[in-house]
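The values are calculated or read from the model by the stated rules, or taken from the named source; none is laboratory data. Not measured: the values here are computed from a predicted model. Don't worry about glycine lacking a Cβ; one is built from the backbone with ideal geometry, like all the others, and counts go over all protein chains shown. When the accessible area is computed, the model is the full protein with side chains, heavy atoms only, and any ligands, DNA or RNA have been set aside. Shrake-Rupley method; radii C 1.70, N 1.55, O 1.52, S 1.80 Å.
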Amino acid sequence: MWQAGNTTGTEAHNSSFALDGIVAVDLTTSVAGQYTGRLLAMNGAKVVLVEPPEGSPMRTRGRPVPEGGETFLFRHLNQGKRSISLDLDLMAHAATLNDLLSRADVILRDEQSYIRSTSDLRSSVIECVVAEAPRDGEYSEWSFDEMSHQALSGVMNMTGVSDREPIYGVGERASYAAGTTAYISVVSALYERRTSNQGQRVDATVFESIAAMGQNLVSQFSYNGTAESRARYPGFLALLRCADAWVVLFVIRNWPTLCDVFELPELLTDRRYRTSGDRLERWPEIVSIVQEKSLTLRADDVVEACQRGRVSAEKVVGLDELINSDQWQVRRVLGTASAAAGAASQTTVRRLFDFSAAKSEINTASPPLAPAGVGSMFSEVFQ
């Protein structure tokens, strides 16, 4: 387990949380920055979100929760954290923040976040700056949103069919990628600190993180000036409309199953489709034939029959159906986070992977916005 900084007054003890004893101060105002803090909290760190009196901008970004006070986005990003509201124009509140920073193992901040001189921080602190773009690059002064990040990185150009416009991926994919990058950087620095007893500054940008998601696109363009374009997937993939919904199939094997499910026995004896190579060459033609049959069948029946015959198949569903799907139920994707007395518990997204030697769960609800409770918050974090 991690060894907390000496000034926190605690020693790491036997626990199944990997970051037990680590204290992080979250000064960020972005999706990427606050997601970094969530990942730290999910793995046992005590994370304090510092907000202005009116609250973090994330409290009003996105769809509001029915009971009010915050949005679903803020809730997701800040479950598991504590919060303190500070007016940094007030000398007493600025002093409170400085005291908090002096006790922290990790400081998460935006490029423009208030922070006293880094020379005043403990030498063992990990300072993580999460930004939109590298501060010394040509895009440092740009204002970004999710779509501009996806478009500029080339990731969007990979999505969609070749004869139509590229498709914008929903959600905050670029920012979550940057938050994950920042989290890995912080954990790596904490690991190194166990040997050196020294902290360091680490940087993560949305610009660079989303570019990395393009795999070798940037390297290819830098090397020979060419770029991949949207094209048909060169494999046995089919998206079919059934009578009641869409299904997606991947027929890399078990060709007889496909012919049986769609009642097309004549395809089995057609010499044009005799070998796997023949079928791949004429795959668009085969999909067109199968599509005519699929319009008369129910999606659930197609998926069940294909899976029984060991052909990969799944129904295309909306979010409401996904939440109640067998996959999500078996994997227990959603959990519950407890809230303060008198408040309702919250649904939370659980970890996607299980590690036998460590917990990684959000156990507490997102913090309400409240006046600075300096004494109680400090006693809870630094007990």
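Things worth noting here:
- Across the stretch 220-241, not a single residue is classified as over 30 Å from G154 (Cα atoms), of a type outside the set (D, E), in contact (Cβ under 8 Å) with a residue 12 or more places away in the chain and open to solvent by 20 Å² or more (accessible area, probe 1.4 Å).
Residues are listed down the side, and each one gets a yes or a no for (1) farther than 29 Å from V333 by Cα; (2) at pLDDT 95 or above:
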site: W2; (1), (2): no, no
site: Q34; (1), (2): no, yes
site: L40; (1), (2): no, yes
site: V65; (1), (2): no, no
site: N78; (1), (2): no, yes
site: D99; (1), (2): yes, no
site: R103; (1), (2): yes, no
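- Of all the residues in the stretch 253-272, those that are open to solvent by 70 Å² or more (accessible area, probe 1.4 Å) and either within 38 Å of the chain's Cα centre (by Cα) or not polar (S, T, N, Q) (or both) number 9.
- Residues of the stretch 79-105 satisfying the condition of being in contact with a helix residue (DSSP H, G or I) (Cβ under 6 Å, 6 or more places away or on another chain) and either of a type in the set (D, E) or open to solvent by less than 20 Å² (accessible area, probe 1.4 Å) (or both): G80, K81, I84, L86, D87
- Residue, modelled with the lowest pLDDT, within the stretch 241-282, restricted to residues that are β-branched (V, I, T) and more than 15 Å from T296 (Cβ to Cβ): I252
- Applying a threshold of 9 Å to beta carbon distances and a minimum spacing of six or more residues, or different chains, the list of pairs starting in the stretch 328-348 at a residue that is touching a residue at least 12 places away in the same chain (Cβ under 8 Å) and assigned to a loop (DSSP other than H, G, I, E, B) and ending at one that is open to solvent by 70 Å² or more (accessible area, probe 1.4 Å) and of a type in the set (A, V, I, L, M, F, W, C) reads V333/L352.
- Comparison of E111, E127 shows that the only residue that is within 20 Å of V186 (Cβ to Cβ), open to solvent by 60 Å² or more (accessible area, probe 1.4 Å) and either acidic (D, E) or not in a loop (DSSP other than H, G, I, E, B) (or both) is E111.
- Condition met for I210 (more than 30 Å from C128 (Cβ to Cβ), open to solvent by less than 40 Å² (accessible area, probe 1.4 Å), assigned to a helix (DSSP H, G or I) and in contact (Cβ under 8 Å) with a residue 12 or more places away in the chain): no
- Looking across the stretch 169-198 at every residue that is part of a helix (DSSP H, G or I) and of a type in the set (V, I, T), the one that is surrounded by the most Cβ atoms within 10 Å (Cβ to Cβ) is identified as V186.
- Qualifying residue in the stretch 302-320 (condition: over 13 Å from F262 (Cα atoms), without any contact (Cβ under 8 Å) to a residue 40 or more places away in the chain and open to solvent by less than 50 Å² (accessible area, probe 1.4 Å)): yes
- Among the criteria (1) open to solvent by less than 60 Å² (accessible area, probe 1.4 Å); (2) touching a residue at least 24 places away in the same chain (Cβ under 8 Å), the one T275 does not fulfil is (2).
- For the residues T159, T195, the requirement of being of a type in the set (V, I, T) and touching a Pro at 6+ places or on another chain (Cβ under 7 Å) singles out T159.
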